[in-house]
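The values are calculated or read from the model by the stated rules, or taken from the named source; none is laboratory data. None of these values were measured; they are calculated from a predicted model. We place every Cβ from the backbone using ideal geometry, glycine too, and count neighbours over all the protein chains shown. Accessible surface areas use protein heavy atoms only, side chains included; no ligands, DNA or RNA. Shrake-Rupley method; radii C 1.70, N 1.55, O 1.52, S 1.80 Å.
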Amino acid sequence: MPQAVTTVIDPERCNGCGRCIRVCPSQTLSLVGGKAVVTGDSSLNCGHCQAVCPEGAVRVGSLDPEQTSFATFELDETWLPHGGYDLPGLVRLMASRRSCRNFRREPVPREMLADLVKIGLSAPSGTNSQRWSFTVLPSREKVLELAQGVGRVMAEFNRMSEKAWLRKLMRLVGKPQLDEYFHEYHDSVSRGLAEWEEKGIDRLMHGAAAAIMIGSRPGASTPKEDALLAAGHMLLAAHAMGLGTCLIGFAVAVMDQKPEVGRAFGVGPDEKIHAVISLGWPKEEYVRLTGRRAPALRWCD
Ligand SMILES: Cc1cc2nc3c(=O)[nH]c(=O)nc-3n(C[C@H](O)[C@H](O)[C@H](O)COP(=O)(O)O)c2cc1C
Ligand code: SF4
C-alpha cells in the first residue's frame with residue numbers, strides 16, 4: 001500500500017552528497033540545484049535517508065523516536081557497522097534461546113513487556129508496512145483466561161473429531177482437516193485437558209506469567225511473515241533480558257479457526273493473530289548448547 005511522504009529535508013544543512021537518494025528504495029528524493037528535495041509522491045517511510053545523512057538534514061515525520069526509547073536499558077543510537085558486532089556472542093545468544101516450558105510465578109514487570117514490543121518493531125516488514133498489532137497479557141490471570149478460552153475450543157474440536165461419521169463426511173467434501181486433527185492431536189489434547197482439569201497442570205501456556213500475541217492489521221503485504229519476524233527478535237531479546245519464552249502454535253491455530261477467542265482480549269475484527277509468545281522467569285537453567293539436525297542443503301555451483 002503506497003504511503004504518503006513524510007520526509008522533510010533541511011536545505012540549510014544539506015551538503016548535496018546524494019547519499020539519501022542512493023539508499024532510497026522508493027525514489028522519493030532527487031538532487032535539485034545541489035540539494036536533496038522530495039520529488040516523489042509516495043514513500044516507504046523506512047528512514048534509510050535519515051539514517052544515512054551525515055549532516056542530520058533529514059527527518060522522516062512518521063517515525064516515532066519514542067519507539068527507540070526503552071525503559072529498562074539505554075540504547076546507543078549510533079549505527080553499528082557491518083561486521084561491527086561480536087559474532088560468536090550473537091550466535092551464542094541465538095543458540096542459548098530455548099523454548100521455556102517451566103516458568104516461575106513472579107510477574108514480569110510491565111516496562112520489560114513494553115520494551116519487548118518496541119524491540120519487535122526493529123524487525124523487517126514486507127513493504128515496510130509495519131501493520132503489526134501487539135496484545136499484551138501482563139499477568140498470570142490474563143494468561144489463564146487465554147488458556148481457558150483456547151482449552152474450551154480444543155475440547156470442542158476433540159468432541160467433534162471423535163465422531164467418525166463426521167470425519168468421513170468432511171473428508172468426502174474435501175476437508176480432511178478434522179480427520180488429520182483426530183490422528184495427530186486428539187489424544188495429546190485429551191491428556192492435556194485431563195491434566196488441566198484434575199491437577200491444574202498448564203500444558204498449553206506452560207504456567208507463563210505473561211504472554212504477547214502478535215497479529216496483523218489490514219494493509220500488510222506479508223502479515224504472517226512480519227509477525228513471526230517480530231516474534232523472532234522478541235524471543236532473542238527476552239533471553240538477553242533474563243526471560244524465558246515459548247511460541248504457542250496451538251493458541252494461534254485455535255484463534256485461526258475461532259477468532260472470537262482473541263476478540264475477548266480486544267483483538268479487532270479485522271486483525272489476525274499469527275504468533276503467541278508465552279513468557280516469564282524461567283525455572284530451569286541449562287548448561288550447554290546443542291546442535292540441530294542437518295538441514296536439506298544444496299549448493300548450486
Ligand atoms: C510456530 C511455532 C509454534 C510452536 N508452538 C509450540 C507450542 O504450541 N507449544 C510448545 O510447547 N512449543 C511450541 N513451539 C516450540 C518448538 O517446539 C521449539 O521451538 C522446538 O522444539 C525447538 O526447540 P527450542 O525452541 O528450544 O530451540 C513452537 C515453535 C514454533 C516455531
Ligand atoms: S544525505 Fe543529507 S546531506 Fe546528503 S544529499 Fe541527502 S539530505 Fe543532503
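Values as computed for the structure displayed
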{"item": "Sites matching trypsin sites (Lys or Arg not before Pro) across the stretch 234-295 that sit in DSSP coil, with at most 16 neighbouring C-beta atoms within 10 Å", "result": "Lys283, Arg288, Arg292, Arg293"}
{"item": "The stretch 128-232: trypsin sites (Lys or Arg not before Pro) in DSSP coil with no more than 13 other Cβ atoms inside 10 Å", "result": "Lys163"}
{"item": "Highest-MSF residue in the chain out of Gly89, Gly268, Gly244 [GNM, Cα springs under 10 Å]", "result": "Gly89"}
{"item": "P(r) histogram, all alpha-carbon pairs of the chain included - 10 Å bins from 0, percent", "result": "6, 21, 27, 23, 14, 7, 2, 0"}
{"item": "Computed [θ] at 222 nm, deg cm²/dmol, the chain (DSSP H ≥ 4; -39,500 (n - 2.57); rounded to nearest 500)", "result": "-12000 deg cm²/dmol"}
{"item": "Accessible solvent surface per residue of the chain, calculated while the other protein chains remain in place, 1.4 angstrom probe, Å²", "result": "61 Å²"}
{"item": "Ellipsoid equivalent to the stretch 49-88 - semi-axes via the Cα gyration tensor, in Å", "result": "22, 18, 8"}
{"item": "Sequence-distant lysines (8 or more away, or on other chains) whose Cα lies within less than 22 Å of Lys142", "result": "Lys118, Lys199, Lys258, Lys272, Lys283"}
{"item": "Alpha carbon centroid spacing (whole Å) that separates the stretch 230-300 from the stretch 91-143", "result": "8 Å"}
{"item": "Binned Cα-Cα distances of the stretch 45-190, short to long, each 10 Å bin given as a whole percent", "result": "8, 21, 25, 21, 16, 8, 1, 0"}
{"item": "Surface share of carbon and sulfur [accessible, 1.4 angstrom probe, percent] for the chain", "result": "55 percent"}
{"item": "Percentage, to the nearest whole number, of Cα pairs in the stretch 174-301 over 23 Å apart", "result": "50 percent"}
{"item": "Prolate/oblate/rounded call for the stretch 218-292, Cα gyration tensor, a/c under 1.5 rounded", "result": "prolate"}
{"item": "Within the stretch 59-140, GluC sites (Glu not before Pro) in DSSP loop having at most 10 other beta-carbon neighbours inside 10 Å", "result": "Glu74, Glu77"}
{"item": "Overall form of the stretch 133-229 per C-alpha gyration tensor (a/c, 1.5; a/b vs b/c)", "result": "oblate"}
{"item": "Along each principal axis, Cα extent of the stretch 7-63, largest first, Å", "result": "23, 18, 16"}
{"item": "Among Ala210, Ala220, Ala230, residue whose mean-square fluctuation peaks in a GNM of the chain (springs only between Cα atoms under 10 Å)", "result": "Ala220"}
{"item": "Cut-off 11 Å between beta-carbons: net charge of the residues surrounding Glu271, Lys and Arg +1, Asp and Glu -1", "result": "+3"}
